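Trainee: I have a structure I would like to understand better, so I am pasting it below and will then ask my questions one at a time.
The values are calculated or read from the model by the stated rules, or taken from the named source; none is laboratory data. Not measured: the values here are computed from a predicted model. Neighbour counts are summed over all protein chains in view; Cβ atoms, including those assigned to glycine, are modelled from backbone coordinates with ideal geometry. In case anyone asks, the SASA skips ligands and DNA or RNA and just uses the protein heavy atoms, side chains included. Shrake-Rupley method; radii C 1.70, N 1.55, O 1.52, S 1.80 Å.
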Amino acid sequence: MNNSLPARTLEVKNLSVKIHTSHNIIQAVNDVSFNLQEGKTLAIVGESGSGKSILCKSILRLLPKSAVVAKESRILFNGYDDLSLLSQKEFNKIRGRNIAMIFQDPMSSLNPVMKVGKQIAESLLHHMGMNRKQAQKKVIGLMKSMGIAMPEQRFFQYPHQLSGGICQRVAIAIALACNPKLLIADEPTTALDVTVQAEILDLLAFRQSQKRMSMILITHDLGVAIGRADEIAVMYAGKIVEQAPAEELFSNIRMPYTRALMASIPRLDNPPHTTLACIDGQPPNLARPAKGCCFAPRCSRAQDKCIKEEPLLRPGIKKDHVFACWYPIGEAS
Amino acid sequence: MAESFHKKIPGISFWFSITWIILVTTIAICADFLPLLEYDHMDWDNPEASPGTCVEKQVNDNNGEQIYQKKIYLLGTDTMGRDIFTRLIFGTRISLTIGLAVPVIGLIFGGIFGMLAGFYRGKIETVMMATMDIILAFPGIVLMLAITFYLGPGIKNLVIALGILVIPAFTRVARANTLKFAQSEFVQAARMMGQKDVGIMIFEILPNILIPMAAYALMLVGYMIMVEGVLSFLGLGVQAPVPSWGGMIADGKEVLDQAPFIALFPSFIMFLTVLSFNLMGDYLRNLVDTKEGQL
């Protein structure tokens with residue numbers, strides 16, 4: 001895949017999202033920019049509340065009404081100049097058709113009172129202008145390719161009659177029904193157990209290579225991200241703090257936060273009763289952003305400069321490896 | 001109550017109610033074709049005749065010949081000598097029309113208002129809910145009196161007035177349930193798939209809120225039949241000689257000491273019908289386990 005022309009599927013520029021609550025304003029996403037090339041996977045990694053879901057929902061305009069996207073934000077999707085300038089009607093033609101999303105909990109992302117087959121067929125009827133018979137045929141084929149056994153029977157079942165793994169396969173079938181160019185997977189395996197997790201991720205990877213689809217994989221599991229993604233962006237407090245190709249990031253972590261995340265993955269070769277490594281302190285309060293580096297209060301390498309001045313994303317020795325740190329790991333401080 | 005709470009398999013009460021409702025509805029529809037006496041024929045020779053009275057009468061037929069006509073007053077006659085059995089059956093029409101039409105009006109309008117309020121929130125919700133609160137705070141009986149006074153009594157006006165009075169309750173049920181589903185992930189998923197707002201409301205939210213709303217509507221059917229009775233009792237209902245259960249009870253109250261059956265028969269029929277609708281509503285509510293007190 002590497003020898004193909006690097007066509008950009010998605011380009012996000014200076015995306016900022018503020019959420020207005022009754023008490024204060026939360027800067028959920030702060031000046032995030034990234035590119036995604038055709039057929040590639042970008043993993044966005046971060047702890048809960050780091051703004052990764054809000055980031056993706058703002059691409060699809062699924063934000064709650066209290067959230068406001070900053071004016072200077074630009075979202076460029078292939079062919080379309082700026083998604084945020086499109087009218088609601090035009091945008092409805094794109095989402096579902098060209099950009100689709102998979103949600104965290106398959107049980108709650110399916111309508112409990114609608115047969116799953118009908119739910120998959122809906123977007124085919126809506127976007128592809130198929131009639132019911134064609135759609136049903138297509139849906140059964142789609143369900144089969146998702147690894148759902150007995151699709152003819154599953155077609156007429158309700159979500160509560162299916163297991164979590166099958167529900168997530170149905171949700172993926174819904175998302176992939178119209179062959180989108182970009183798939184956003186918002187922690188698609190968090191609600192599933194580990195063996196099913198691997199199956200679902202394999203399925204996504206297979207479909208992706210088949211259809212040359214780009215994917216944004218949101219996860220809080222750095223292990224999953226390294227294994228599955230081409231590029232990894234680490235988010236902290238609404239900002240991207242480190243971004244690099246997967247192998248590069250794995251072998252050459254620069255940002256102390258990423259290292260702390262990595263260290264908190266339990267390892268099989270640890271001796272029994274090893275204390276689980278965790279990151280001390282609390283995630284920062286996004287309502288009152290700090291002046292300096294937002295990770296500084298929890299960082300073991302923090303110095304005076306970290307508290308006073310905010311580090312900007314800058315490339316290190318390699319150009320495609322950017323990080324926001326004054327005293328990165330591997331550089332003499 | 002505790003027993004019926006866990007019961008999801010239809011029991012005897014369910015079958016009793018559904019049989020009774022079907023029976024009453026069929027009779028109301030077919031009343032014109034049944035071999036019944038006229039509901040407004042007054043037999044001044046036999047007022048307050050006890051149930052089962054059999055009378056034979058000399059009448060002139062079309063050719064001027066005198067023939068004997070035999071009449072059986074199965075459930076007796078009322079104070080004006082009208083057959084109670086016939087009047088009960090024709091009264092079913094009025095009671096069922098009001099009992100069914102009013103909740104349907106509430107279901108449609110309340111459903112639409114509540115879904116809009118719960119889905120869009122903001123100003124629409126504020127205006128809508130304030131209007132509903134005003135209607136709720138308005139004394140119902142005064143509205144009924146005003147409407148009967150200006151538009152005249154009659155079943156149509158009665159249905160409109162009662163319909164307006166029940167819309168707020170339906171709006172609240174619909175809004176509460178819509179609020180629950182409007183934030184859910186499957187609604188977001190539908191929006192992600194390019195579904196429009198109207199589509200989301202009709203295909204995603206409506207099927208989910210329909211059963212709790214239908215359960216409430218069924219409970220209201222029984223209540224409305226009773227309300228019609230009360231209004232007819234007060235003289236606000238349908239006008240004589242058209243029979244309604246409430247009007248019959250009102251007629252019977254004057255002679256409760258001499259001929260108690262005149263008021264008791266319609267009361268009993270009303271009791272059975274209201275009970276049946278309530279049991280059906282209970283059953284439907286247990287089915288979806290919707291908690292009471294969503295108002």
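Trainee: With everything on Cα atoms, drop me the angle between helix B:261-288 and the longest principal axis of chain B, reported from 0 to 90° to the nearest 10.
Mentor: Helix B:261-288 sits at roughly 20 degrees to that axis.
Trainee: Here's another thing I want to ask about it. For chain B, set up a Gaussian network in which alpha carbons nearer than 10 Å are linked by springs, and say which option among B:VAL221, B:VAL238, B:VAL127 fluctuates the most.
Mentor: For chain B, modelled as a Gaussian network with Cα springs under 10 Å, the answer is B:VAL127.
Trainee: Return the single residue from B:TYR68, B:TYR283, B:TYR216 with maximal mean-square fluctuation; model: Gaussian network over chain B, springs between Cα atoms under 10 Å.
Mentor: Looking only at B:TYR68, B:TYR283, B:TYR216, the largest GNM fluctuation is found for B:TYR68.
Trainee: On average, how many beta carbons from a partner chain sit within 10 Å of the beta carbon of a residue in B:175-188?
Mentor: Mean inter-chain Cβ contacts per residue within 10 Å come to 3.
Trainee: Tally Lys and Arg at +1 and Asp and Glu at -1 over the other residues with C-beta under 13 Å from the C-beta of A:GLY147: what net charge comes out?
Mentor: Around A:GLY147, the surrounding residues sum to +2.
Trainee: For the stretch B:88-148, which trypsin sites (Lys or Arg not before Pro) are in a loop by DSSP, counting at most 15 other Cβ atoms within 10 Å?
Mentor: Passing both the DSSP loop test and the Cβ count: B:ARG121.
Trainee: Take the alpha-carbon centre of the stretch A:182-234, take the same for the stretch A:124-146, and report the distance between them in whole Å.
Mentor: 24 Å
Trainee: Quick check on packing: order A:298-308, A:98-108 by the mean number of other C-beta atoms within 10 Å, highest mean leading.
Mentor: A:98-108, A:298-308
Trainee: If you don't mind, another one. How big is the accessible area of A:ARG154 in square angstrom, nearest 10, if you roll a 1.4 angstrom probe over the protein chains?
Mentor: For A:ARG154, the solvent-accessible surface is approximately 50 Å².
Trainee: So what is the calculated 222 nm ellipticity per residue for the protein assembly as shown, using -39500 (n - 2.57) for each DSSP H run with n of 4 or more, over all residues, to the nearest 500 deg cm²/dmol?
Mentor: -14500 deg cm²/dmol
Trainee: Which of rounded, prolate, oblate describes the stretch A:152-257, given a ≥ b ≥ c as roots of the alpha-carbon gyration tensor eigenvalues and a/c under 1.5 marking rounded, otherwise prolate only if a/b is larger than b/c?
Mentor: Note, shape of the stretch A:152-257 comes out prolate.
Trainee: Moving to a separate point now. For A:THR275, B:THR79, A:THR190, what's the largest-to-smallest order of accessible area, 1.4 Å probe?
Mentor: Largest accessible area first, the list is A:THR275, A:THR190, B:THR79.
Trainee: For A:PHE77, B:PHE33, write out the residues from largest to smallest accessible area, computed with a 1.4 angstrom probe and no ligands counted.
Mentor: B:PHE33, A:PHE77
Trainee: Got a sec to turn the phi values of the stretch A:115-131 into Karplus ³J(HN,Hα) couplings, 6.51 cos²θ - 1.76 cosθ + 1.60 with θ = phi - 60°, whole Hz, x for Gly and Pro?
Mentor: Coupling constants for the stretch A:115-131: 5, 5, x, 5, 5, 5, 5, 3, 6, 5, 5, 6, 9, 9, x, 7, 8 Hz.
Trainee: Okay, moving on. Given H placed 1.01 Å from N in the peptide plane, which residues other than close sequence neighbours of A:VAL68 have an amide H under 5 Å from its amide H?
Mentor: The answer is A:LYS18, A:ILE19, A:HIS20.
Trainee: Specify the angular offset, from 0 to 90 degrees and rounded to the nearest 10, of the alpha carbon long axis of helix B:140-151 from the longest principal axis of the alpha carbons in chain B.
Mentor: Taking the Cα atoms of chain B, the angle to B:140-151 is about 60 degrees.
Trainee: Please identify every one of the GluC sites (Glu not before Pro) in the stretch B:189-295 that sits in a loop by DSSP and has no more than 11 other beta carbons within 10 Å of its own beta carbon.
Mentor: Those satisfying the criteria are B:GLU292.
Trainee: What is the Cα centroid distance between the stretch A:302-328 and the stretch A:1-68, reported in whole angstrom?
Mentor: 21 Å
Trainee: Roughly how tilted is helix B:122-137, in degrees to the nearest 10 and between 0 and 90, from the longest Cα axis of chain B?
Mentor: Rounded to the nearest ten degrees, it is 30.
Trainee: Using the basic label-point model (7 angstrom from Cα toward the beta carbon), what is the A:LYS89 to B:GLU254 distance in nanometres?
Mentor: Placing both labels 7 Å beyond Cα along the Cβ direction yields 6.7 nm.
Trainee: Here's another thing I want to ask about it. Could you identify which residue out of B:LEU100, B:LEU264, B:LEU23 has the top mean-square fluctuation in a GNM of chain B using Cα springs shorter than 10 Å?
Mentor: Checking each option, the largest mean-square fluctuation is seen for B:LEU23.
Trainee: Taking the square root of 5 times each eigenvalue of the Cα gyration tensor, what semi-axes in Å does the equivalent ellipsoid of the stretch B:46-194 have, largest first?
Mentor: The answer is 53, 19, 13 Å, longest axis first.
Trainee: Continuing with the same structure: Per-residue Cβ counts within 10 Å, from other chains only, averaged over B:193-204: what number is that?
Mentor: For this peptide, the per-residue mean of nearby foreign Cβ atoms is 5.
Trainee: How much of the DSSP beta bridge set in chain A is antiparallel, as a percent to the nearest 5?
Mentor: For chain A, the DSSP antiparallel bridge percentage is about 60.
Trainee: Note down the nm distance, to one decimal, between modelled labels 7 Å out along Cα→Cβ at A:GLU309 and at B:LEU272.
Mentor: Each label point is offset 7 Å from its Cα along the Cβ direction, giving 9.2 nm.
Trainee: Quote the total accessible area buried by chains A and B together, excluding ligands, DNA and RNA, probe 1.4 Å, nearest 100 Å².
Mentor: Looking at A and B, the buried total is near 1800 Å².
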